[in-house]
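Report on the following structure.
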Amino acid sequence: MASFKPKKLLSPPEKGSDFAFPFVSYDIQLDFMQTLYTVLHTGGIGIFESPTGTGKSLSLTCGTLTWLKDYSRLVEEELHETIGRLRADIARLEKENAITSDWITGQFNAMGQRKELDVLNGFKQSIEEHQQNLIQMKDQAVLHKIRWEKKVRSNDDPLKEEPPQQDVTIDEDEFLLPEEGDDSDEEPEADSHKEQEERYRPVQVIYCSRTHSQLSQVVNEVKETEHAKDLRLVSLASRQNLCINPEVRKLKTNTLINERCLELLKKGGKSKPDDEGRSTKKRRKLAQSCPYYNQRAIEGLKNGILFEVPDIEDLVKAGKHENACPYYATRAAIPDAQLLMVPYQLILHRRTRQQSGIELQDSILIIDEAHNLLDTIAAIHSQEVRQEQLRQAKLHLSAYKARYFSRFSTKNLLRINQLIFIATRLEKLLSSDGGKSSRMIQTQELLLEADIFNLNLLDIVSFCDRSRLAQKVHGFAQNSPRELNEQNVPSVRGKVGTSSKGSTSALKSLLMNLEQDSKSKAQLRKDGRAASKSVVTDQENDQQLQVKPPVTNAIRPLINFLECLLEDGTGDSRILLSFDGKDPSQASMKYLLLNPGARFEEIVKSCRSVVLAGGTMQPTEELTEQVFRHHRERVTIKSYPHVVPKDAVLPIALGRGPTGKEFLFNFANKQNVGMLEELQSTLLNLCQVVPNGVVVFFSSYDFLDNFFHKLEDSGNRARLEERKNVFREPKTSGQVERILHDYARAARSATGAILFSVVGGKLSEGLNFSDELGRCVVVVGLPYPNRTSPELNERMRYLDRCLTSSGTGPSPGSEYYENLCMKAVNQCIGRAVRHVRDYAAVLLIDTRYCTGDRIRRKLPVWISERMECVELRYGQAHGMLVKFFRQHKAKA
């Protein structure tokens with residue numbers, strides 16, 4: 001579809017009300033929206049830092065949606081003007097041609113104008129068709145809503161009416177691979193690719209955040225604005241979040257839910273006769289297909305949600321009302337949505353994005369909470385597979401092959417043998433550690449050492465995706481647990497992959513194995529009745545099993561690992577082999593992405609504009625160097641101060657304790673008894689001054705454990721408990737909610753509370769310690785990551801090799817190492833001062849905060865501009881704290 005891009009420039013509105021901002025905007029909010037408006041219209045890249053409590057999300061949505069409306073109006077106006085001008089030019093040229101002698105040139109010019117006019121008329125027609133389609137969908141949604149309301153009035157509780165369950169037969173064909181060209185197992189799609197290409201695509205805004213709760217919060221904010229009246233917003237999520245089938249929802253993992261959903265959607269196929277004309281369908285039991293996958297109901301739900309601005313909870317509720325699947329309704333609504341709300345995974349991972357049907361071309365991409373963007377991309381594209389998983393994958397594939405190989409096509413049998421071969425070779429690679437605890441190799445080295453470099457991994461992975469092999473083998477394993485006994489599976493050891501004479505002999509054994517399987521398959525076909533009886537007997541034995549142990553999907557980690565190997569096209573990845581001397585089965589190989597910026601580069605090239613925003617985006621140099629270094633001229637960076645008054649925040653960098661001992665919590669001093677005693681004295685003094693809640697962050701769990709032991713041994717814990725209720729971050733996630741509840745109740749009491757936490761732990765990011773919960777945030781030391789980590793060292797070496805150093809500063813690898821530390825510090829600082837009437841002190845305990853200009857520059861602007869450095873006398877800092885809290889007590 002041809003597009004039309006207007007040439008006129010749009011000027012951002014001058015008042016917050018012109019952005020439909022629901023409150024009286026602060027100066028920083030107005031500047032945020034105006035700058036964002038300009039970035040979007042010029043096709044730029046924006047990096048915005050705006051502290052929590054400054055209306056960041058609302059500024060993002062109001063600024064973007066205002067531009068979107070203005071731009072759509074500009075496109076229509078300029079298109080109309082351009083078509084009128086072309087018609088006038090053509091009429092003028094025709095008149096001139098009638099009287100000129102050089103009519104050939106005139107006709108040529110007129111022909112070019114007519115061609116351009118035809119293109120623009122076609123584009124205008126596509127816009128009109130798109131608008132007419134939206135009107136029809138809205139009318140259908142209104143009629144559907146009226147019918148539903150009538151149904152509600154005539155029925156006390158319409159939700160009691162469960163949709164009828166449709167019985168389907170699960171048989172031996174349930175887990176059999178389809179023949180090539182059989183697409184019965186492919187996942188249903190809302191629209192064909194051809195239809196999507198022919199449709200008019202207006203500019204679409206894609207809003208990303210880390211969690212569904214954050215996205216739901218943004219949706220609820222948008223509902224309170226004028227934009228919600230004519231906004232088509234769709235929230236995307238996984239089946240785990242949107243599925244309303246109770247039989248599927250009870251499954252614990254997203255993988256199991258996905259597999260069960262796809263199984264229920266399969267169409268009941270006809271039995272395929274074998275070579276002797278007998279039906280090969282062996283009935284096992286009855287189950288139900290999904291009653292919520294109804295195209296008509298899904299279409300009605302799609303039309304309804306497009307014009308309602310729903311969050312995830314609203315979608316699930318609407319799906320239950322309509323007896324329609326919210327997951328497939330949201331997928332069907334993607335092309336017609338103006339604003340998509342999506343979690344990181346759906347955008348940042350290319351395969352997941354393509355499977356979801358999201359089109360980035362000429363879209364606006366907004367990534368909120370983008371402070372850890374590069375680390376998130378690296379984590380999403382990493383994959384680990386353990387030796388035990390490889391052994392299980394080989395076992396499941398071998399048992400699956402033993403059950404069905406008489407019915408496999410030659411091509412399918414080849415692919416299964418190749419997967420068994422790969423699992424065997426990778427397992428063997430993890431069996432020889434060479435006396436090392438870990439080893440880092442390149443992707444090509446792995447392929448060579450495992451003797452799998454001659455295999456076409458792309459064809460193998462495509463086969464797995466097309467046939468849904470992982471789901472079929474997993475379903476087979478769950479339904480036939482007896483057949484997974486290693487004693488019942490023909491041994492593949494010695495058949496494939498055991499040769500140590502190189503790849504030639506290894507591949508030769510693979511081909512010999514395939515030939516042997518073909519002979520065995522022919523023999524079994526001659527004795528089909530015996531095979532059938534054996535299968536029936538096995539099925540009867542399965543039914544006698546009272547309790548089936550849960551079976552994990554052993555094939556999926558292997559396939560995911562192979563997919564990662566295919567992504568390595570520029571040598572920007574490594575494979576970390578880790579060995580466990582105590583438990584060899586825990587040996588693993590992990591795919592590491594060293595250059596996440598390259599993966600994001602694909603997104604930047606596709607999108608019209610990219611916006612990164614967060615409460616603490618410093619240091620931004622990392623993004624400009626690793627992600628946008630080829631687009632520097634497009635980048636706009638804005639860092640805004642906090643909306644709270646200057647006297648609402650008291651940041652102090654503390655270099656010494658009450659006795660004058662210097663604080664230097666580097667690796668060598670973390671066991672320093674004198675320094676830990678000085679820290680105890682500091683916290684005791686602090687708890688005398690600070691009301692309500694104090695949150696203290698340590699750099700690691702080991703450091704926190706050591707401090708707590710010293711606190712108890714010295715008797716200072718009892719003295720501390722006389723001043724504050726003492727809480728400590730739990731090591732298990734299940735206890736976090738209870739600890740937070742108890743801490744919040746104690747912090748609001750007259751005594752107050754102190755909570756000891758870990759940087760990068762369960763309480764350092766995404767939690768809200770506003771008002772009484774966080775009157776003081778303390779960060780002890782600089783939380784540098786473990787320098788001995790093989791992953792970290794390899795990443796640093798890669799950056800030193802591939803990026804250019806500034807010359808005067810540290811190397812790119814060292815810069816990355818320091819940035820990891822400072823981003824963690826900034827996240828801890830951001831837990832406090834969450835709204836305009838809040839106030840808190842921030843205490844950074846380490847002399848390096850006072851002496852390191854580079855470190856101070858990487859703190860948030862609203863902290864670095866107000867920070868007081870106390871290097872020599874603790875009493876000076878103590879006096880500041882006393883004065884700070886006395887003044888705020890007087891204002892209360």
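The values are calculated or read from the model by the stated rules, or taken from the named source; none is laboratory data. All figures in this text were calculated on a predicted structure; none of them were measured in a lab. A quick note on method: Cβ atoms are made from the backbone with ideal geometry, for glycine too, and the neighbour counts reach across all protein chains shown. When the accessible area is computed, the model is the full protein with side chains, heavy atoms only, and any ligands, DNA or RNA have been set aside. Shrake-Rupley method; radii C 1.70, N 1.55, O 1.52, S 1.80 Å.
Quick notes
- Electrostatic bookkeeping for residue 560 treats Lys and Arg as +1 and Asp and Glu as -1; over the other residues with beta carbon under 13 Å from its beta carbon, the sum is 0.
- Among the listed pairs 394/582; 56/762; 250/317; 401/428, those with a Cα-Cα distance over 19 Å are 394/582; 56/762; 401/428.
- Taking Cα centre as origin and charging only the Cβ of basic (Lys, Arg, +1) and acidic (Asp, Glu, -1) residues, the dipole magnitude of the stretch 26-152 rounds to 700 debye.
- In order along the stretch 821-834, the phi-based Karplus estimate (6.51 cos²θ - 1.76 cosθ + 1.60, θ = phi - 60°) of 3J(HN,Hα) comes to 5, 6, 5, 5, 4, 5, 5, 5, 4, x, 6, 10, 6, 9 Hz; Gly and Pro are listed as x.
- Dipole of the stretch 699-749, positive end: most advanced residue of 740, 700, 714 [Cβ charges, Cα centre]: 740
- From phi via Karplus (6.51, -1.76, 1.60), per-residue ³J(HN,Hα) for the stretch 630-643 in Hz, x at Gly/Pro: 8, 9, 4, 5, 8, 8, 10, 10, 10, 10, 9, x, 6, 7
- Full extension of the segment from residue 733 to residue 217, taken as 0.36 nm per residue of separation minus the current Cα-Cα distance, would add 183.5 nm.
- Accessible area of residue 822 (1.4 Å probe, protein heavy atoms only, ligands and nucleic acids ignored): about 0 Å².
- Cα-projected label distance for residue 441 with residue 42, points at 7 Å along beta-carbon direction, nm: 5.0
- Sum of side-chain charges, residue 886 neighbourhood, beta-carbon under 15 Å (Lys, Arg +1; Asp, Glu -1): +3
- Gain on full stretching of the segment that runs from residue 104 to residue 748 - 0.36 nm per residue minus C-alpha separation: 223.1 nm
- Rolling a 1.4 Å probe across all protein chains gives residue 881 an accessible area of roughly 10 Å².
- Point-to-point label distance, residue 133-residue 18, nm (Cα→Cβ direction, 7 Å offset): 3.4
- R0 of 56 Å, Cβ-Cβ distance residue 142-residue 95: FRET efficiency to nearest 0.05: 0.65
- Phi angles of the stretch 400-405 translate, via the Karplus equation with coefficients 6.51, -1.76, 1.60 and θ = phi - 60°, into HN-Hα couplings of 5, 5, 4, 6, 10, 5 Hz per residue; Gly and Pro are given as x.
- Cβ-placed point charges (K, R +1; D, E -1), dipole of the stretch 709-854 about Cα centre in debye, nearest 20: 200
- Packing rank of 351-362, 111-122, where each peptide gets the mean count of other beta carbons within 10 Å, highest leading: 351-362, 111-122
- Mean shadow area of the stretch 791-884 over all directions, Cα convex hull, nm²: 8.0
- Extension gain, residue 85-residue 605: 0.36 nm per intervening residue step, less the Cα-Cα distance, totals 183.9 nm.
- Treating r as the C-beta distance of residue 456 and residue 354 and R0 as 25 Å, the FRET efficiency rounds to 0.75.
- 440, 589, ranked by accessible area, largest first (probe 1.4 Å): 440, 589
- Treating each Cα of the stretch 650-723 as one equal point scatterer and applying the Debye formula with no solvent, the log10 of I(q)/I(0) at q = 0.11, 0.14 Å⁻¹ comes out as -0.27, -0.45.
- What the stretch 755-835 shows is 34 Å² of accessible area per residue, with the surface traced by a 1.4 Å probe over protein heavy atoms.
- Distance between the pseudo-spin-label points of residue 871 and residue 69 (7 Å out from Cα toward the beta carbon): 5.5 nm.
- In this structure, residue 804 and residue 718 have a Cβ-Cβ separation that, at R0 = 60 Å, corresponds to a calculated FRET efficiency of about 0.60.
- Less than 5 angstrom separates the built amide H of residue 778 from those of 695, 696, 697, 843, all sequence-distant by 5 or more or on a different chain.
- Computed packing ranks the peptides 244-256, 638-650, 303-315 as 303-315, 638-650, 244-256, most packed first, by mean other Cβ atoms within 10 Å.
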